[in-house]
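Written out below as C-alpha cells is the structure these notes cover.
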Amino acid sequence: MDPYRLPRVVIPTRYDIRLEPDLTTLTFRGEETIAVSIEEPVGEVVLNAVELAIDEAVVVDGRGREQRAIVRLDEAAERCHLTFAEPLATGSGRLRLSFRGTLNDKLRGFYRSVYKDPGGVTRTMAATQFEATDARRALPCWDEPAFKAVFSVTLAIDPALTAVSNTRVLSEVSEGDRKVVRFADTITMSTYLLAFVVGELEHTEPSRVGDTPLSVWCVPGKRRLAAFGQEIAVASLRYFEDYYGLPYPGDKLDLLAIPDFAAGAMENLGAITFRETALLVDEQAASHAELQRVADVVAHENAHMWFGDLVTMSWWNGIWLNEAFATFMEMLAVDAWKPRWQRWVAFGVSRAAALTVDGLHSTRPIEFPVRAPREADAMFDVLTYEKGASVLRMLEQYLGPEVFRQGVRDYLRAHQYANADTGDLWAALGQASGQPIPAVMDAWIFAPGYPLVSVGVEGDEIVLRQQRFAYLPAPLRWWGAGPAASAGSGRWQVPVQLRVTAGGRDTVERVLLAEPEIRRPLPAGFESVVANEGGHGFYRVRYDDGLRARLLGRLPTLGAIERFNLVNDAWAVTVAGLMPATDYLELTARFRDERDKNVWSVLLGSFHALNRLVTPADRPKLEALVRDRVAPALAALGWTPQPGEDELTRQLRGDLIRALGTLGNDAEVQARTVGLYADHERGTATVDPNVLPALIAVLAHAGDEGRYHEFFERFRTARTPQEEQRYLYALTAFRQFPLVEQTLARTVNGEIRTQDAPFVVRTLLMLVHAREPAWDFVKKQWDTMDRLYPKHGLRRMAEGVIGLATPELEADVHRFFQERRVDLGGKTLEQYLEQLRVAVTLRERDGAALSAYLARF
Ligand SMILES: [Zn+2]
C-alpha cells in the first residue's frame, strides 16, 4: 500500500456531518454518514484520521448488508483502518462513524482561539484550518484533494453562540440545551476547503454581487473595521466573475476574522478565514501599506474560489499553481480596483524577494514531485507565490492578456468541480494562443534558478547573453546535504523586451532569447538600451559599464519599475561579486531625486543589508551615508502632505522618515518625531496615517525604558489590528539590552500571540542591536518554541539567522543546527544558511573597500 495515498477502491461522494463543539470543555463530538462507491469487494476501508477517538463505525455495503467494523487507528500514518468480517459488496454504500476530539491550541484542525472582549473578559471561539492535511483532525475522511465530495454540515452549539460554515444556513432549531444549525449542501469539493467557525460573532450588512450575499464577520466590537475589507471583497468578486466568465460557485460568501490564525488567510469556499490584520482595518487611520495588505489578501482568497476551489490540483505538487495563480490574480484585481496604487510596480518588491531565494544553489524548481503531503509544507514559500506569480505574469505579457484570459477560461470550464494539473493549464493556454507553451515554460517551472541576461555593446552590435544567475560560485558546503539540486540546463527561453533609444526615438522589440547569445545591430544615433522593458521578466539584467552609465544619465526617461530593476539588479550583481560594492554605493547617489516608494524600498533594503555587515566602527559612517542619500528626498517632500498628493507619495514620506530616524540615526529627525508624536497624542496635531507608524518606529529606536512600557501598553490595548502590530514590532526596535531581553521573554510567555511571536523573534534576529541576545535566546528556548508555535512558525522564525552576518555567528549557527539535527522541511534550512554565507562572503570580499569608501562620511 502506498504510505501516502489512500487506496482508490472505496470512494466517498457525500458526507453528512454533525459536530457538537463544547467551548467549555474544549472538546467536540461528531457523527457522520459518508455515502461511498465501493469499487471492489474489499474487507478493509482505509481513510484518514488523527488525534480522534472513534467510538463506532458501521458500514452498509452495495447489497444493503450492515456490518460493524473493527477500528484500528494508525496515528503515525494518520489513518484509520476499518476491517470487516465479510468483504463489502460493490456498489453504493454508506459508512457511519461516531468520534470525539479536542479543540486544540495549535491553530490547525478544529482549534480554539482565545481573545478579550471589549470589556476585557477572556472569551473562546472555535475555528478550523484544514489545508493541507488537517481536516482529518476534525473528522475521519478521505483527506486528499482528489477525493472531492458534497458536504452537508450540521453544527450543534451553545444557543448563545453563532455558527458559520461554507454554505448558507438551511435551518436553526432548538434540541435540548443545544441550538442545531443545518447548512446547505456544498458544491463537490475537497476536504481541505471545509470550514466551521463557532463563537460570539457579529457580521456586517450583506452586500450583493449578483445573487451572492457577501458579509464580513468578526468578534464583537470590531465590526467598525470591516467596511474596507468588504469593499475590496465585493469589487474583486465582481472582477473575477467577469475575468473567469463563470459565476461565483458558492451560495454566499462570508469573510471571517479570527483572533488566532497561523497563516494569512484560508480560501475555504464561502467561508474564508483571515488573521485580523488581513481583513479588519480602519481606513482613515491606516497607512497605504496596511490597506494594500488587506486588499491583496482579500482579492487573493476570492481568486481561489474558482482557481483552487472550483478547479483543484490533483495532488500537493500542484499547490504552486494554485497559489501562484491566486497571487497573480490578486494583482490584476487590486490593480483594476485602485489603478493609482500602481500595484504591478509594487509587485517588483515581491518579484525581487523571489529572485533572491532563486539565486541560491539551494533553490528548487517551482514544481517538484511530492510523495508525502508533508513534503509540500515547504512549498508555501516565496518560490511558489512570488516566483510562480512572476512567471505567470511574464507569460501573460508574452501571450497578450486577452489570449491568456481565454486560456484560463477554457481551463476552468473544462475542469470545474474536478481536479487538474499544470499540464492541463498549459494545454488550454496552448489552444488559446497557438503557441508551444510547455517548450517556453518548462525551464521556468521545472528547473531551478533563472537567467542573468548580460547586455553589452561589442563593435556595432548589441549583444545579449544568458547564463544562470548565482550569488556564490559553488553550492554551500554543509552537513545536512539532502538530495542534490537538479542543475537544470542553465538555459531558458527568455522573453526579452528591448527598448532601444536612438536619435531621440524609442523602438521596442520582443525577442525570445532561447540561445546562449543573440546580437542586434546598433542603430545610428544610438543612445541607450533597456532590456526587460516594462519590467515583467523574471530575470536579472547586467549592463556593461558604458550602458549602465547611459541609463543612469537618463533616469527620468525610465519607468518606475525599470528604475527599480536597475537598482535591484545592480545590488544583486554586487552581492554576487560581479560589481564592486563601492560602485554600487556611487550608483545610489544618483537616486537622491527619486520619488517612487518601491525604488526607495530596494535602496533602503540594501542599506539595511550593509548595516548588518559593516564593523561597529564604520556604522556611524554608514549612518551618515544614509542621511546623505535620504535627507534630500525628505526635504523635497516635506513632513506634511500636500493637497492632492497621492497615497504612494504619502507612504514614501513615512518610509523616508523611518529610514532617516533609524538607519540614519538622524538626531534632528528623532527630535522632531518626539514633538510631533506628543502633539498627535494630545490631539493638537493631525499626523498623516502613513507617517504615524514611522514616528512610532523612530521613537522606539531612540527610546528608553519609559517609552518601552508606554508602547507595550499601547500594544495591549490597541484599537485596531494595525495599531497592535505597529506597537508590537516597535518593541523590537528598542536598543537597550534589558529591553531586548523583555521582548524576547514575551515571545514565549503568552503575552505575544503564538501567531505573531515567531515573526517578532525573526525581526530581532535581523536587527544589529538585538541579534546576539536573540540568537542566544533562540538556542535556549528552541524546544519551547517548537512546542508553542504553530507548525510553520519555527520555520519562519529561523529565517532570522540570515541577519547573523558575522563569521563567528555564522559558525555558531551551523554548530547549533547541526547538533540539534534541525530539519525545517524541504531545502528551507539550507537556503537560510546559504543566504547567510552570501552575506558573510560579501563582508569578507568587499569589507575593506567599503570601509575605505565610508571613511569620507
Ligand atoms: Zn492562496
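A short reminder: the numbers here are calculations on the coordinates, not readings from a lab. As the structure is a computational prediction, the values presented were derived from the model and not from experiment. Every residue, glycine among them, receives a Cβ derived from its backbone with ideal geometry; neighbour counts consider all protein chains shown.
Say R0 is 45 Å: what FRET efficiency, to the nearest 0.05, do Lys116 and Arg477 get from their beta-carbon distance?
Taking R0 as 45 Å, the efficiency between Lys116 and Arg477 is 0.35.
Tell me, what is the percent relative contact order of the chain, built from C-alpha pairs under 8 Å that lie six or more residues apart?
In percent, rounded to a whole number, it is 8.
Mind pulling the angle between the C-alpha long axis of helix 422-433 and the longest principal axis of the chain? Nearest 10 degrees, somewhere in 0 to 90.
With rounding to tens, the tilt is 60 degrees.
Test of understanding: ordering Thr686, Thr356, Thr27, Thr363 by Cβ neighbours within 10 Å, fewest first, what list do you get?
Thr686, Thr27, Thr356, Thr363
About its Cα centre, how strong a charge dipole does segment 496-597 have in debye, to the nearest 20, once Lys and Arg get +1 and Asp and Glu get -1 at the Cβ?
180 debye
Any chance you could check the Cα centroid distance between segment 692-724 and segment 48-63 for me, in angstrom?
If we compute the Cα centre of each part, the gap is 52 Å.
If you stretched the chain out fully between Arg550 and Asp105, how much longer would it get, using 0.36 nm times the residue separation minus the C-alpha to C-alpha distance?
Answer, rounded to one decimal: 154.4 nm.
Going by alpha carbons, how many degrees (0 to 90, nearest 10) lie between the helix axis of 737-746 and the longest principal axis of the chain?
Here the helix axis deviates by roughly 20 degrees.
Place +1 on the Cβ of every Lys and Arg and -1 on the Cβ of every Asp and Glu in the chain, take the dipole about the Cα centre, and give the residue among Pro3, Tyr243, Pro521 whose Cα lies farthest towards its positive end.
It is Pro521, whose Cα lies furthest towards the positive end.
Going by C-beta contacts inside 10 Å, put Ser362, Ser171 in order with the fewest on the left.
In increasing order of surrounding Cβ atoms, one gets Ser171, Ser362.
In whole Å, what is the distance between the alpha-carbon centres of segment 259-308 and segment 554-622?
Using only Cα atoms, the two centres lie 32 Å from each other.
Among His304, Ala635, Leu412, which residue has its Cα furthest toward the positive end of the charge dipole of the chain, with +1 on Lys/Arg Cβ and -1 on Asp/Glu Cβ?
The one lying farthest along the dipole's positive direction is Ala635.
Please figure out what share of the DSSP beta bridges in the chain is antiparallel and state it in percent, rounded to the nearest 5.
80 percent
Sort Asp211, Asp646, Asp251 so the one with the fewest other Cβ atoms within 10 Å of its own Cβ comes first.
Asp211, Asp646, Asp251
Find the relative contact order for segment 73-142 and round it to a whole percent, using C-alpha pairs within less than 8 Å whose residues are 6+ positions apart.
Relative contact order here is 23 percent.
For a quick check: with amide H placed at 1.01 Å from N, whose amide H comes under 5 Å from Leu513's, ignoring anything fewer than 5 positions away on the same chain?
Result for Leu513 returns Val494, Val496.
Ranked highest first by the average count of other Cβ atoms within 10 Å around their residues, in what order do 343-349, 612-618 fall?
My ranking of the peptides, most packed first, is 343-349, 612-618.
Can you give me the distance in nm between label points at Ala76 and Leu512, each placed 7 Å from the Cα along the Cα-to-Cβ direction?
Placing both labels 7 Å along Cα→Cβ, they lie 5.0 nm apart.
Given R₀ = 60 Å, what would the calculated FRET efficiency be for Leu26 paired with Ala671, taking r from the Cβ atoms and rounding to 0.05?
Efficiency, from the Cβ-Cβ distance: 0.70.
Hey, can you rank 831-840, 782-791, 189-198, 220-229 by average C-beta count inside 10 Å, highest first?
By packing density, highest mean first, the sequence is 189-198, 831-840, 220-229, 782-791.
In debye, nearest 20, what is the charge dipole magnitude of segment 768-840 about its Cα centre with +1 on Lys and Arg Cβ and -1 on Asp and Glu Cβ, if you could check?
280 debye
Any idea what the relative contact order of segment 651-792 is, in percent, if you count C-alpha pairs under 8 Å spaced at least 6 apart?
17 percent.
Among the listed pairs Lys148/Lys827; Lys116/Lys779; Lys779/Lys827; Lys222/Lys252; Lys106/Lys780, give every one whose C-alpha distance is greater than 25 Å.
Exceeds cut-off: Lys148/Lys827; Lys116/Lys779.
Quick check: net charge around Gln722, other residues with Cβ under 11 Å of its Cβ, Lys/Arg +1 and Asp/Glu -1?
Local charge sum for Gln722: -3.
With point charges of +1 on the Cβ of Lys and Arg and -1 on the Cβ of Asp and Glu, referenced to the Cα centre of segment 1-149, which listed residue (Tyr115, Val60, Leu103) lies farthest in the positive direction of the dipole?
Checked the options; the winner is Tyr115.
What order do you get for 808-818, 648-658, 423-433 when each peptide is scored by the mean count of other beta carbon atoms within 10 Å, highest first?
Ranking, from highest mean packing down: 648-658, 423-433, 808-818.
Quick one: putting +1 on the C-beta of Lys and Arg, -1 on the C-beta of Asp and Glu, what dipole do you get for the chain around its Cα centre, in Debye to the nearest 20?
Computed about the Cα centre, the dipole is about 940 debye.
Where does helix 692-701 land angle-wise versus the long Cα axis of the chain, in degrees 0 to 90, nearest 10?
70 degrees
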